[in-house]
Amino acid sequence: MKIAIIAYGFSGSTLPLAKHLRKRGHIVTCFYLVDPGTSSLEGIDFDCSYLRPGIHTVKSSFVNQYFVDDEILIYTVVLVRKRQNLGNTILNKIIGKIDHNTIYGLCDRIKKEKYDLINLVGHTHPMELIGKYLLDQKLFYSLHEVMKNHAEAKADANVAASFALKNGIPIIVHSLKSFNDISTFSRKLGNTSFLKLIRFGMFETFQEYRQMGYNPEISDNFLLFIGYILPYKGLSILYDACELLEKERILNFKIVVAGKGYDPILPKLKANKHFILKNKYITNQEFVDLISSCKSVVCPYLSASQSGIPQVASIFSKPVIASNVGAFPEVIRTGKNGILIESANKEELAAAINKIMCDNQYYDNLSPQLLGADESFLYDWNFICNQYEDFFNEIVN
């Protein structure tokens, strides 16, 4: 089949999917929506940045290295995006017009190239607008998030999920948590959308980066929190747990917190000698250096839908300590590839950190390379492609 993937982010999961589908004979083209000046995406670096609005062929030695002989075309779709602080100004109206023309041009191109299937990946604007322009095509959505805000107990469906459900467009989600959420929304609407649960596998592109190590001044005995920093990700609980360990005089390792963003706890982390704070954008190379050098990764989230962190940690055989929220229980099994704890429980988190970081026998008996532990086959790209092909046939036929 001839397949177009149009994604707003999520290159970590879509690039391996494209590669494995291509190996099965499908023709796959990827379009990634980006901001002006973008020179990289999750798990992929470009040879240059793309400033001008419009569609650009990606030039990347990294892409050539990953795909080798697989003929896959990758494009960036540069959108200027309206600025909230500009309000209803003439400049914002001009920006809106430019982006509208770019999106319309993309959809017109997709129609002219006559794809058998179009996969829209992403849950925020303008993914619903792209779907609107392509309603007369064979399309389906892949949604990593289905709620507007997973931190709210009674959150509404996000714009892409709402649009797909209201228009009966088939939807793939990637965790049981998201499947249950989208099924609930579907029932409320009395909807007949075709819903499918298909996991995503390891983010293979990160394997292409050379493991350079993190910092010679820090041993590999450090705990790592990595990713965009937001209050719901539980850094305050991590801080409290480490204070408990410090009181018991068993905190003999560093905790590296790396990522852009803000949490009110950051000043305390910066002042604490046990924490190393890298509060900035983390490049793909830095991401690999940190994960490949740490002893374990920690995700003490207060709420979640799912996360790609375990998909990268497993590549480098690093166990994950995670809260029992979202999709973490589906990929992390205590005693197998990490430890699950109750959310917001500093005592449980402290005990789990101590177990992973200080009990070498326990650590050595883990199999952190196995996502889902005994159900690791669910995260194998060959099995995943089988599910996609069954899904394709159901849509087309």
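The values are calculated or read from the model by the stated rules, or taken from the named source; none is laboratory data. Nothing here was measured: the structure is a model prediction, and the numbers come from that model. Note that each Cβ is placed from the backbone with ideal geometry, even for glycine, and that neighbours are counted across all protein chains shown.
If I filter region 136-147 down to residues being at pLDDT below 95 and among the aliphatic types (A, V, I, L, M), which single residue comes out as surrounded by the most Cβ atoms within 10 Å (Cβ to Cβ)? Applying the filter and picking the extreme gives V146. The set of residues in region 279-304 that are among the hydroxyl-bearing types (S, T, Y) and surrounded by 22 or more Cβ atoms within 10 Å (Cβ to Cβ) comprises S296, Y301.
Among E342, E389, which is the only one that is of a type in the set (D, E, K, R) and not assigned by TED's automatic domain parsing to the domain that holds P267? Just a single option satisfies the conditions, and that option is E389. Just checking, does region 50-57 include any residue being of a type in the set (F, W, Y), modelled with pLDDT of 95 or more and surrounded by 19 or more Cβ atoms within 10 Å (Cβ to Cβ)? Looking through region 50-57, none of the residues is of a type in the set (F, W, Y), modelled with pLDDT of 95 or more and surrounded by 19 or more Cβ atoms within 10 Å (Cβ to Cβ). All of L91, L120, L106 fail the test of being in a helix (DSSP H, G or I) and closer than 28 Å to T205 by Cα, apart from L106. Scanning region 19-30 for residues that are in contact with a Phe, Trp or Tyr (Cβ under 9 Å, 6 or more places away or on another chain) and surrounded by fewer than 23 Cβ atoms within 10 Å (Cβ to Cβ) yields K19, H20, R22, H26, I27, T29. Within region 338-374, the residues that satisfy the criterion of being surrounded by fewer than 19 Cβ atoms within 10 Å (Cβ to Cβ), in contact (Cβ under 8 Å) with a residue 40 or more places away in the chain and in a helix (DSSP H, G or I) are E347, N354, C358, Y363, A373, D374. Looking across region 62-76, the residues that are surrounded by fewer than 18 Cβ atoms within 10 Å (Cβ to Cβ) and closer than 15 Å to Y209 by Cβ come down to N64, Q65.
Looking at region 174-181, can you tell me whether even one residue there is at pLDDT below 95, under 20 Å from the mean Cα position of the chain (by Cα), farther than 23 Å from N397 by Cβ and assigned to a strand (DSSP E or B)? No, every residue in region 174-181 fails to be at pLDDT below 95, under 20 Å from the mean Cα position of the chain (by Cα), farther than 23 Å from N397 by Cβ and assigned to a strand (DSSP E or B). For region 47-62, indicate whether the set of residues that are of a type in the set (S, T, N, Q), more than 29 Å from N101 (Cα to Cα) and more than 21 Å from the chain's Cα centre (by Cα) is non-empty. The answer is yes; a qualifying residue exists. Taken over region 90-125, residues that are over 27 Å from H144 (Cα atoms) and surrounded by 14 or more Cβ atoms within 10 Å (Cβ to Cβ) amount to 3. Of the residues K278, K336, the single one that is of a type in the set (D, E, K, R) and farther than 16 Å from K233 by Cβ is K336. Among residues of region 246-275 being aliphatic (A, V, I, L, M) and at pLDDT 95 or above, the one that is nearest to E348 (Cα to Cα) is I255.
From the list I198, I171, the lone residue that is in contact with a Phe, Trp or Tyr (Cβ under 6 Å, 6 or more places away or on another chain) and crowded, with 19+ Cβ neighbours inside 10 Å is I171. Can you name the residue in region 318-328 that is out of contact with any helix residue (DSSP H, G or I) (no Cβ under 6 Å at 6 or more places or on another chain) and over 16 Å from I226 (Cβ atoms) and, of all such residues, is surrounded by the most Cβ atoms within 10 Å (Cβ to Cβ)? Across region 318-328, the extreme among qualifying residues is V325.
If you go through region 148-164 and keep only what is out of contact with any Lys or Arg (no Cβ under 6 Å at 6 or more places or on another chain) and either buried (at least 23 other Cβ atoms within 10 Å of the Cβ) or at pLDDT below 90 (or both), you end up with K148, N149, H150, A151, E152, A153, K154, A157, A160, A161, A164. Going by what's in this entry, would I27 be described as more than 23 Å from the chain's Cα centre (by Cα) and closer than 23 Å to C107 by Cα? Yes: the conditions hold for I27.
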